[in-house]
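Have a look at the structure below, then the notes.
The values are calculated or read from the model by the stated rules, or taken from the named source; none is laboratory data. Since the model is a prediction, treat every value here as computed from it, not as a measurement. Here Cβ is always computed from backbone atoms with ideal geometry, including for glycine, and neighbour counts include all displayed protein chains. Remember, those area values only see protein heavy atoms, side chains included, never the ligands or the DNA or RNA. Shrake-Rupley method; radii C 1.70, N 1.55, O 1.52, S 1.80 Å.
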Amino acid sequence: MHLIRVEIMTEVSYAERARAKKMAQANAIGIDDALISNLVEAFYSAIRSDELLGPIFLAHVTDWTPHLARMKDFWASVTLESGRFRGNPMLKHIAITGLDNEHFDRWLVLWNQTVDAVVPNDAAAQVFREAASRIADSLLTGIKVQRDGLRAVSKKPAAPYASSPIFDQDNLPDALRSHHSTKDGTWGLLRMLEGEVELVFVDPPSSRTVTVDNPAPIPPQALHFVKPDGPMKMQVEFYHNHPLGGDQADN
């Protein structure tokens, strides 16, 4: 009982320190709630008037006030204060039929144009640009895999340069159950050998169920953790480029 209490306190303490560090770093370059609010308001104003994306959003958003509030929480969670947003963007986007590269490319163009117009300095602007690029890549990859399977993104699969031991529900290390990330330049690929787990990303906030047929790529430095769901066996492979190959290999 004492050991469990110490482990929980240690994890909470780590999470609190990580959130405080993230907030301080963001504030130091001018990222705060006021900036995020202005950015989100300007961006979705551009979205609604865009010929390609406007009709899609208008078909799925009936009340813009709560939607904008959630998007402000989402971007605050990504750039300012982890955990403020609760939701699963991946499932929302998978439910929209027809989304493809051109939609995410246009989304990024509008986002970067808005960042250039609203964000006051290069350091903060770079944070928003890089986060948006990771989000677009993650969502598009997830949609393609869900819709068409791994063949949709696997043109020239890379070979891992290293692999973890095989873990099951009993020996899965606490480090993988808690917030952690790969190092800069290292991609992970979570493979299930038996059963399934939930892979939860902290920034940007999302989650997905990983099965034997659907391994999950993990971008460099993406804060995440693993939640087992019953008996399972899993392994993590490590790559220098996107593990599913194709166009993402150089991202």
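Pairs linking a residue in the stretch 217-231 that is in a strand (DSSP E or B) to a residue that is charged (D, E, K, R), with Cβ atoms under 7 Å and 6 or more positions apart or on different chains, are 225/177; 226/177; 227/198.
For the stretch 91-105, the candidate set comprises residues that are open to solvent by 60 Å² or more (accessible area, probe 1.4 Å) and outside any loop (DSSP other than H, G, I, E, B); within that set, the residue that is modelled with the lowest pLDDT is 91.
With the checklist (1) hydrophobic (A, V, I, L, M, F, W, C); (2) within 22 Å of residue 88 (Cα to Cα); (3) modelled with pLDDT of 90 or more in hand, flag the one item residue 172 doesn't pass. The number of the failed condition is (2).
Residues checked against (1) in contact with an Asp or Glu (Cβ under 8 Å, 6 or more places away or on another chain); (2) more than 25 Å from residue 144 (Cβ to Cβ):
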| position | (1), (2) |
| --- | --- |
| 30 | no, yes |
| 34 | no, yes |
| 45 | no, yes |
| 71 | no, no |
| 80 | yes, yes |
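Restricting attention to the stretch 179-202 and to residues that are closer than 24 Å to residue 17 by Cβ and modelled with pLDDT of 90 or more, the residue that is surrounded by the fewest Cβ atoms within 10 Å (Cβ to Cβ) turns out to be 199.
Scanning the stretch 50-72 for residues that are free of Cβ contacts under 8 Å to residues at least 60 places away in the same chain and of a type in the set (Asp, Glu), we see that the one that is least open to solvent (accessible area, probe 1.4 Å) is 63. Which pairs have Cβ atoms under 8 Å, sit 6 or more apart or on different chains, and link a residue in the stretch 73-88 that is hydroxyl-bearing (Ser, Thr, Tyr) to one that is outside any helix (DSSP H, G or I) and modelled with pLDDT of 85 or more? Once the first residue is hydroxyl-bearing (Ser, Thr, Tyr) and sits in the stretch 73-88, its partners that are outside any helix (DSSP H, G or I) and modelled with pLDDT of 85 or more give 79/31; 82/223. Filtering the stretch 28-49 down to residues that are in contact with a Leu (Cβ under 8 Å, 6 or more places away or on another chain) and under 11 Å from residue 118 (Cβ atoms), which residue is most open to solvent (accessible area, probe 1.4 Å)? Filtering first and then ranking leaves 41.
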